[in-house]
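Contents: one structure, followed by commentary.
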Amino acid sequence: MSAITEVATNGYGERIILNNNSGMVLLLTPCCDATGKGGGTGIICRKCHEDVDPVFGSCAMLNKGLDSVRSWLLTCAFGDDEDSVARTEEALTALFAVSVG
Ligand SMILES: [Zn+2]
């Protein structure tokens, strides 16, 4: 089983991935499908080095539990309308399902 599992997409179609080795949950950049890192004046795309939203430089840790991961997901443009809440809960279910596997 690969260490990286795609678990969901947010409201913009950006991919949320889980690194099974570290338990880190990350959002991939829309430009390159890469993670973000610190650089320039904030957060840049690891691949093309363009500035990206700070959320791409953040992550959630599975071992901090459901509520912690849920609040992080909500910062990843899952939004706060009704569909977004459903999407967030689906993403959480998917995350914890693959993390046990
Ligand atoms: Zn990029």
Checklist entry - Which residue, of THR35, THR29, is within 16 Å of the ligand (Cβ to nearest atom) and under 23 Å from ALA97 (Cα atoms)? => result THR35
Checklist outcome for this item: Going through segment 38-77 in order, the residues found to be free of Cβ contacts under 8 Å to residues at least 24 places away in the same chain, touching an Asp or Glu at 6+ places or on another chain (Cβ under 9 Å), more than 11 Å from the ligand (Cβ to nearest atom) and not aliphatic (A, V, I, L, M) are GLY39, GLY40, THR41, GLY42, ARG70
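Any read-out appearing in this document is the output of simple, stated calculations on the displayed coordinates, not a laboratory observation. Since the structure is predicted, the reported quantities are computational estimates derived from the model, not experimental observations. Heads up, the Cβs are rebuilt from the backbone with ideal geometry, glycines too, and the neighbour counts pull from every protein chain shown.
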